[in-house]
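Trainee: Supplied in structure tokens, the structure appears directly below.
The values are calculated or read from the model by the stated rules, or taken from the named source; none is laboratory data. Predicted model only: the values in this text are computed from it and were never measured. Cβ sites come from the backbone with ideal geometry, for glycine too, and all protein chains shown count toward neighbours. The protein model used for the area step is the full one, side chains on, heavy atoms only, and it has no ligands, DNA or RNA in it. Shrake-Rupley method; radii C 1.70, N 1.55, O 1.52, S 1.80 Å.
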Amino acid sequence: PRARHFFPESAVLIVLGLFAGFTIYELWTVDLFLHPDLFFLYLLPPIVLEAGYFMPNKAFISNITTISLFAVAGTVMNIFLTSCFIFAFQNFYDFNITIVDTLLFSTVISAVDPVAVLSVFEEIHVNKLLYITVFGESLLNDAVTVVLYHSFHSMVRIGQAHLIYQDYTMSMMNFFLVSGGGILVGVVFAVVAALGVKWSSNVSVLQPIICITVPYMAYLCSEIVHVSGILGIVVCGLCMKSYVTGSMEERADITVKYTLKTLSSCCEAIIFVFLGFSIFSKDHKWDFGFAIVTVITCFAARFLVVFTLTWVANKWRMQKISLRDQTIMAFGGLRGAICFGLVLTIDGEVVPAKPIMISTTLIVIVFTVFIQGTMIKPLVSFLNVKIDNAYDKSLFQSCIEHSFEDTMCGVEAIIGAHGQYYWKNKVDKWNAQFLEPALTRQDMNRGRRLLKKLTDMTTDEQREALLQEESAMLEEHQV
């Protein structure tokens, strides 16, 4: 408990893997490291599915413009700033590196990792705006990272001297194909999951299996057709939750919830322990000048990009992102296993500096998780950043919130504006008329949700009364 008070759990797990890796390295000849196939095919999907399934839909959709700005423009700016600085200081390195090699490495190292962000931000319970912005960025920047990674990797194979302008235009087209394809695959499999849960109502044991395996199929199919697998599984989990809960029994719903939580926690622990193992791999080549420049560049570029893009986003936002939140957002740009998995897939025959890049990536991961991840918690307290106090809304608060949304929708209709409440009302009506009757056994409209909330509250009160009565009887019996 004392260590967890000062260090994030991910850092403690890396240290555990570090000691285990050192012991194995000294006693046996086994070379343990986090293999890309193990990470991308088995460990990453449960974590991302749990994040998408339990993501607060309302907060995510309300901030989708800001999230997309950071995920797309922010990632591209990070990549080019990092590559320019790394290439500018090439005289400090013990090896030669081309501009295309620096672009490839910057693409790998600039992606904010959802696993690392999730493990740190859930511990400190930052406010919902801060959490959803950084975590949403870490999920959506996968499309940008994958497209640019494959584009620069193909450019490295072609050779810098043989590149033509079509190679650059194809990269832009691939971005829309990869991101749009991932979203489309996720929506299709969300419909499949909703219909599967609806038709299996008589066999409730199948419902949790469908909710877990169908999103995983979405991830695999996305990877097979070379679109964003992370976007596919996130969109699938995000879209299917509203419909499967209207068809599942309570026991199946509880099973899905705790199975996803357990799988996600186990996979997170395995990932960080394997990162600790990987530090003692025998294939490392160290260039500390390159590593120091990379760490400083990643840190500085993150701050520059966050403050610049927040200034742009605050131009249209009603709820401004404060300077304190911007500081935590900049510190929250943690790198993790996705960076390490991507750098391992680089072709060592066309990029001779691959071993140095692998070692440097591990140094960046350790720096962001240990230094930045450890500093976030005291920094949140020092800056007095607003914390998200998790509590269940009362029935009265839910009714007032719904009334406010209806009132704002009416105000927008009167003044002739088509704002967020107008479009939300349109989508809700279309959803209630067409999608919910087709995809669920029992549509979870607003009235049914409030009734379910009242029933749950009554059940909890009855349970507490029974427990108090039972404890009183035990005390009497002991006397």
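Trainee: Would you please state the base-10 log of I(q)/I(0) at q = 0.12, 0.15, 0.26 1/Å for region 76-144, with intensities from the Debye formula using one equal scatterer on every alpha carbon?
Mentor: Normalising to I(0) and taking log10 leaves -0.43, -0.60, -1.05.
Trainee: In the full protein assembly as shown, how much of residue 187 is accessible to a 1.4 Å probe, in Å² to the nearest 10?
Mentor: It works out to around 60 Å².
Trainee: Sticking with this structure for a sec: Using a 1.4 Å probe and counting only protein heavy atoms, arrange 418, 153 so the residue with the most accessible area comes first.
Mentor: So, going from the largest accessible area down, we get 418, 153.
Trainee: Across 5 Å bins from 0, what is the distribution of all Cα-Cα pair distances for region 229-358, in whole percents?
Mentor: With 5 Å bins starting at 0, P(r) equals 2, 7, 10, 13, 13, 14, 14, 13, 8, 4, 2, 0.
Trainee: Could you put 231, 41, 344 in order of accessible surface area, largest first, with the 1.4 Å probe and the full protein assembly present?
Mentor: In descending accessible area the options line up as 41, 344, 231.
Trainee: Hey, another quick one. Could you give the alpha-carbon Rg of region 1-140 over 2.2 N^0.38 Å, rounded to two decimals?
Mentor: 1.29
Trainee: Can you compute the FRET efficiency between residue 184 and residue 382 using 1/(1 + (r/R0)^6), with r the Cβ-Cβ distance and R0 = 56 Å? Round to the nearest 0.05.
Mentor: So the FRET efficiency works out to roughly 0.80.
Trainee: Once you have the Kirkwood Rh of the chain from its Cα pairs, apply Stokes-Einstein at 4 °C and 1.567 mPa s and quote D in µm²/s.
Mentor: Translational diffusion coefficient: 53 µm²/s.
Trainee: Could you give the accessible area per residue of region 10-383, probe 1.4 Å, as a whole number in Å²?
Mentor: With all protein chains present, region 10-383 gives 42 Å² per residue.
Trainee: Next question. Pairs of alpha-carbon atoms within less than 8 angstrom and 6+ residues apart define the contacts here; what relative contact order does region 10-383 have, in percent?
Mentor: 31
Trainee: While we're here: If I model a spin label at residue 65 and residue 300 as a point 7 Å from the Cα along the Cα→Cβ vector, what separation in nanometres do I get?
Mentor: Each label point lies 7 Å from its Cα, and together they span 3.3 nm.
Trainee: Can you pick out the pairs among 257/320; 58/261; 315/386; 198/429; 377/424 whose Cα atoms lie more than 25 Å from each other?
Mentor: 257/320; 377/424
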